[in-house]
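Chemist: Before we start, here is the structure in question, set down as structure tokens.
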Amino acid sequence: MLFRPVRLAVQSVLLVTTCLSVAASAQPRQTMAAVLPVPDNIPAARDVPYPGTVTLVVDATDTQRGIFTVRETIPVAQAGPLTLLYPKWLPGNHAPRGSIDDVAGLKISAGGQVLPWKRDPVEVYAVKVDVPQGATEVTVEFQYVSPVSNAQGRVVMTPEMLNLQWNLTAFYPAGYYARQIPVAATAILPAGWKYGVALEPVDPAATGTVAFKPVSFETLVDSPMFAGINFRQETLAPGVRLNIVADTPEELAATPDQIQKHRNLVTQATRLFGAQHYDHYDFLLAITDKMGGIGLEHHRSSENGVTPGYFTKWDEGAGRRNLLPHEYTHSWDGKYRRGADLYTAEYSQPMRNSLLWVYEGQTQYWGYVLQARSGIVSKEDTLAAYASIAATLDKRPGRSWRPLIDTTNDPILSARRPQPWVSWQRSEDYYNEGLLIWLDADMQIRELTKGKKSLDDFAKLFFGMNDRDWGVLTYQFADVAAALNKVVPYDWNTFLDTRVNQIAPRAPLGWLEKGGYRLVYAAEPTQWWKNNEKTAKNTDLTYSLGFTVGADGGLGQVIWDSPAFRAGLTNNAVITAVGGKAYSGDALKTAVKDAQTRKTPIQLLVKQGDRFSTVAIPYFDGPKYPRLEKVGKGTARLDTLLTAR
């Protein structure tokens with residue numbers, strides 16, 4: 001028997017426990033959901049021939065509304081499930097950019113019977129359909145309703161011209177490598193229009209409806225078309241053509257000297273690489289402010305979009321003329337030689353961009369070299385461009401936390417959207433910092449060999465084998481270092497690793513001293529800088545106040561931790577007044593000079609949203625514009641690099 005006090009205590013405990021149990025049972029339970037596995041319902045690609053030839057007809061005559069009407073016939077070997085894929089991971093975009101959202105009116109049929117289709121809930125670029133018994137083919141019909149304004153995406157069709165990218169207008173059967181699916185394509189163009197394309201027409205004289213000889217789906221995607229009412233074609237070399245479309249016929253007025261410089265580009269590139277990796281090549285050049293701009297490489301062609309004035313304002317437009325040398329170089333670097341993790345069997349497979357500092361970075365390097373060697377851009381303007389690139393990357397604060405290799409992920413991470421603080425975030429720096437790395441490598445080779453060898457020797461060794469082979473030869477990091485070692489023995493693994501994979505407080509600028517130049521900041525900009533400001537319609541004070549500003553006073557990029565940044569300015573604010581007077585670019589430049597003399601802060605009236613504020617920037621060091629200054633006399637190594645071969 002328990003004593004009473006103990007008994008009471010036990011009863012109290014039981015009472016409390018009971019109350020807690022009742023209270024707990026009154027609370028809602030936290031249900032743990034079952035997690036469904038993510039199914040993979042897409043047939044794995046096989047490297048075997050597809051049983052039959054796909055026929056693709058694209059009606060591109062509705063130029064007023066920008067609608068491509070598509071009819072595609074796909075042979076099938078048996079009844080049952082069929083998965084059709086729309087290209088998602090696109091070569092040259094380095095990211096999943098397929099515009100499946102602009103596919104509308106999709107209808108799939110067989111033997112005159114409309115078949116129900118269903119989009120895969122995981123891979124939304126895939127549609128599934130059941131092929132009925134007895135069917136030998138399915139017909140796919142849809143409209144590609146292309147953007148009609150920049151707010152909707154890139155405009156690819158106007159009343160004067162169009163850019164037919166076959167990947168926008170075709171599905172392909174899953175389960176096969178793209179190179180194993182043959183396609184016979186036909187384009188229906190507006191009456192009177194001419195075209196440029198790397199595909200071979202069945203009838204070279206055909207206009208309007210143009211049928212092309214069958215190619216693999218991989219080659220079709222790699223062979224876009226430019227077409228237009230204002231068209232000019234020039235032969236630059238045997239098998240190499242320059243196809244020009246323009247908003248107006250006046251923009252086609254290239255002089256013989258200008259065309260000769262483009263011929264020089266082909267000559268200099270083939271001398272550089274020592275081989276060609278195409279059976280024929282078509283430059284596609286659109287001079288337009290109506291169709292969307294583009295710079296996209298292909299094995300036997302390139303898409304190049306520039307604003308009006310490419311030929312007619314030649315002296316002002318050096319900054320835009322790097323495009324063709326860059327994209328042409330990609331025929332060797334990027335298309336023939338390609339990073340192994342970037343090449344995929346078909347377009348639903350993710351691409352990996354770890355070697356873009358070669359693919360894009362060395363292409364950027366050769367693009368600038370070839371623009372100078374060909375005369376498309378002068379040596380002086382090329383040196384001025386080098387100065388701007390070197391200054392930008394050397395003073396980019398984002399390099400303090402982010403290595404260059406990580407920027408190769410930017411096409412996927414940011415989808416090439418504008419970045420709010422690009423100087424701190426970094427954005428695809430593998431292009432221009434890649435250029436600096438290869439300048440460093442070139443000058444290192446010249447120094448090690450006392451000028452007997454250069455990166456030209458690497459180009460012939462790494463890109464120049466197998467003349468006229470236009471397949472794909474992949475490589476990895478070790479292959480790049482090994483090829484450099486064949487040019488001249490050196491610790492190239494460490495050389496590349498420290499510049500690509502490691503955080504570096506300074507940009508790779510060893511090429512400057514070895515090349516016979518130094519980077520300086522002058523009070524007056526180069527002519528190249530002035531022309532770029534004029535073309536961009538902005539005032540560029542990046543290296544003084546730390547921002548660019550448009551003609552309307554709108555701030556572009558404000559450099560992280562610059563004088564403007566520390567004063568509180570941000571992107572998309574608007575400068576309405578300078579020193580109490582209405583904003584103008586000239587007034588701002590004058591204020592920078594006056595502040596240096598008077599040692600008084602620059603006073604700005606700034607509008608941010610619906611608020612106005614006065615901002616004082618205590619900057620007193622005057623105008624600063626980067627340029628390269630030669631050290632010593634005579635021909636420097638950097639001069640030799642840019643001299644025609």
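The values are calculated or read from the model by the stated rules, or taken from the named source; none is laboratory data. From a predicted model like this one, the values you see are computed outputs, not experimental measurements. Here Cβ is always computed from backbone atoms with ideal geometry, including for glycine, and neighbour counts include all displayed protein chains. When the accessible area is computed, the model is the full protein with side chains, heavy atoms only, and any ligands, DNA or RNA have been set aside. Shrake-Rupley method; radii C 1.70, N 1.55, O 1.52, S 1.80 Å.
Chemist: In Å², what does the accessible area per residue of region 456-531 work out to with a 1.4 Å probe? All intermediate terms of the calculation are to be shown ahead of the outcome.
Modeler: On the way: 3790 Å² over 76 residues.
I get 50 Å² per residue for region 456-531.
Chemist: Separate question: How much of the accessible area of the chain, probe 1.4 Å, is carbon plus sulfur, in whole percent? Please report the intermediate quantities before stating the final value.
Modeler: Values: 15170 of 28280 Å².
Here it works out to 54 percent.
Chemist: Could you do me a favour and compute the accessible area per residue for region 401-446, 1.4 Å probe, result in Å²? All intermediate terms of the calculation are to be shown ahead of the outcome.
Modeler: Details: 1500 Å² over 46 residues.
Per-residue value: 33 Å².
Chemist: Which residue, Ala205, Val38, Ala60, has the largest displacement toward the positive end of the dipole of the chain when charges sit on each Cβ (Lys, Arg +1; Asp, Glu -1)?
Modeler: Farthest towards the positive end: Val38.
Chemist: Separate question: Please list Glu250, Glu141 from largest to smallest accessible area, probe radius 1.4 Å, with all protein chains kept in place.
Modeler: Values: Glu250 120, Glu141 50 Å².
Order by accessible area, largest first: Glu250, Glu141.
Chemist: OK, next. Let me check I've understood the local charge: for Gln596, count other residues with C-beta under 13 angstrom from its C-beta, Lys and Arg +1, Asp and Glu -1. What total comes out?
Modeler: Numbers: positive: Lys589, Lys593, Arg598, Lys599, Lys624; negative: Asp594, Asp621.
My count for the surroundings of Gln596 gives +3.
Chemist: Taking the Cα centroid of region 260-308 and of region 346-407, what is the distance between the two, rounded to the nearest whole Å?
Modeler: Taking the Cα centre of each part, region 260-308 and region 346-407 sit 18 Å apart.
Chemist: Full-extension gain between Asp257 and Arg119, please, as 0.36 nm times their residue separation minus the C-alpha to C-alpha distance. Each step should come with its number before you reach the end.
Modeler: Details: separation 138, 0.36 × 138 = 49.68 nm, distance 5.41 nm.
Residue separation times 0.36 nm, minus the Cα-Cα distance, leaves 44.3 nm.
Chemist: Separate question: Taking only the alpha carbons of region 238-340, what extent do you get along each of the three principal axes, in Å, biggest first?
Modeler: 40, 28, 23
Chemist: Quick check on my link table: of Lys450/Lys486; Lys452/Lys514; Lys530/Lys607; Lys261/Lys379; Lys395/Lys624; Lys530/Lys624, which ones sit more than 25 Å apart, alpha carbon to alpha carbon? Could you put the intermediate results ahead of the total?
Modeler: Numbers: Lys450/Lys486 16 Å; Lys452/Lys514 14 Å; Lys530/Lys607 27 Å; Lys261/Lys379 13 Å; Lys395/Lys624 13 Å; Lys530/Lys624 13 Å.
Where the Cα-Cα span goes over 25 Å, the pairs concerned are Lys530/Lys607.
Chemist: How about region 547-606: which trypsin sites (Lys or Arg not before Pro) there lie in a loop by DSSP and see at most 12 other Cβ atoms within 10 Å?
Modeler: On the way: sites: Arg566, Lys581, Lys589, Lys593, Arg598, Lys599; in loops: Lys599.
Qualifying residues, ordered by number: Lys599.
Chemist: For region 246-387, what is the charge dipole size about the Cα centre, in debye to the nearest 20, if Lys and Arg each add +1 at the Cβ and Asp and Glu each add -1 at the Cβ? Show your work: numbers first, answer last.
Modeler: Working: 14 positive and 18 negative charges, 98 e Å.
I would put it at about 460 debye.
Chemist: Any idea of the accessible area per residue across region 130-268, 1.4 Å probe, to the nearest Å²?
Modeler: 37 Å²
Chemist: Which value, in debye to the nearest 20, gives the size of the charge dipole of the chain about its Cα centre, when Lys and Arg are +1 and Asp and Glu are -1 at the Cβ? Walk me through the intermediate numbers first.
Modeler: On the way: 67 positive and 64 negative charges, 393 e Å.
Roughly 1880 debye for the chain.
Chemist: Would you list the membrane-span-like helices of the chain, meaning whole DSSP H runs whose alpha-carbon atoms span at least 18 Å along their axis and whose mean Kyte-Doolittle value is at least 1.0? Don't skip to the end; give the middle numbers.
Modeler: Details: long enough: 4-26 (33 Å, 1.22); 256-273 (26 Å, -0.87); 361-374 (20 Å, -0.79); 379-394 (22 Å, 0.20); 432-448 (24 Å, 0.06); 585-598 (20 Å, -0.80).
Span-like helices here: 4-26.
Chemist: Which entry is the computed mean projected area of the Cα convex hull in nm² for this structure: [x] 34.4; [y] 37.3; [z] 45.1?
Modeler: Matching entry in [x] 34.4; [y] 37.3; [z] 45.1: [z].
Chemist: Using label points projected 7 Å from each Cα along Cα→Cβ, tell me how many nm separate Thr635 and Arg154, to one decimal.
Modeler: Each label point lies 7 Å from its Cα, and together they span 4.0 nm.
Chemist: What does the charge count around Ala275 come to, taking other residues whose C-beta lies under 15 Å from its C-beta (Lys +1, Arg +1, Asp -1, Glu -1)?
Modeler: Working: positive: Arg271, Arg300, Lys335, Arg337, Lys460, Arg468, Arg645; negative: Asp279, Asp333, Asp456, Asp457, Asp467, Asp469.
For residues surrounding Ala275, the net value is +1.
Chemist: Quick check: with the 1.4 Å probe, what order do Val48, Val245, Val103 take by accessible area, largest first? Please list the in-between numbers first.
Modeler: On the way: Val48 55, Val245 0, Val103 30 Å².
So, going from the largest accessible area down, we get Val48, Val103, Val245.
Chemist: Alpha carbon centre of region 569-645 versus region 416-466: separation in Å?
Modeler: Taking the Cα centre of each part, region 569-645 and region 416-466 sit 29 Å apart.
Chemist: Once phi is turned into ³J(HN,Hα) by the Karplus curve 6.51 cos²θ - 1.76 cosθ + 1.60 with θ = phi - 60°, what whole-Hz value does each residue of region 402-412 show in order, with x for glycine and proline?
Modeler: Those phi angles translate into 10, x, 4, 4, 5, 6, 5, 7, 4, x, 8 Hz.
Chemist: Ranked highest first by the average count of other Cβ atoms within 10 Å around their residues, in what order do 109-118, 376-385, 503-512 fall?
Modeler: Listed from highest to lowest mean packing, they are 376-385, 503-512, 109-118.
Chemist: Where Lys and Arg each count +1 and Asp and Glu each count -1, what net charge lies around Thr576 among other residues with Cβ under 11 Å from its Cβ? Don't jump to the answer; show the numbers that get you there.
Modeler: Numbers: positive: Lys581, Lys607; negative: Asp552.
With Lys, Arg at +1 and Asp, Glu at -1, the neighbours total +1.
Chemist: Name the long-range amide H neighbours of Gln557: under 5 Å, sequence gap of 5 or more, or other chain; modelled H, no Pro or chain starts.
Modeler: Thr548
Chemist: For His280 and Leu36 in the same chain, what is the full-extension length gain: residue separation times 0.36 nm, less their Cα-Cα distance, in nm? Display every interim value, and only then the final one.
Modeler: Working: separation 244, 0.36 × 244 = 87.84 nm, distance 5.14 nm.
The His280-Leu36 span can extend by a further 82.7 nm.
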